[in-house]
Amino acid sequence: MADFERFSVITCPACGHRERERMPVDACQFYYDCKGCGQMLRPEAGDCCVYCSFGTAKCPPIQMGEGCCDTKV
Ligand SMILES: [Zn+2]
């Protein structure tokens, strides 16, 4: 299996809180509750998951070049 980053640090756009999270390997996480302010984060337009929008690493499917669950038809 290809090597990829399993952890991503999500930065909340609302309060700036940063939290290191382990990403699901075979699924995209669309919603994320900020551990700082409780805001529910959603991906920005064009991004498949909250890690792609707010994390330090893209989600595993993107890292492996497979595209994301949403973009696969
Ligand atoms: Zn927050």
Cβ charges +1 (Lys, Arg) and -1 (Asp, Glu), total dipole of region 7-67, debye: 200 debye
Once label points are set 7 Å from the Cα along Cα→Cβ at both E66 and C15, what is their separation, rounded to one decimal in nm? 3.4 nm
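Values quoted throughout were computed directly from the atomic coordinates according to the rules given, and no laboratory measurement underlies them. All of these numbers come straight from a predicted model, not from anything done at the bench. Cβ: placed from backbone, ideal geometry, glycine included. Neighbour counts: every protein chain shown.
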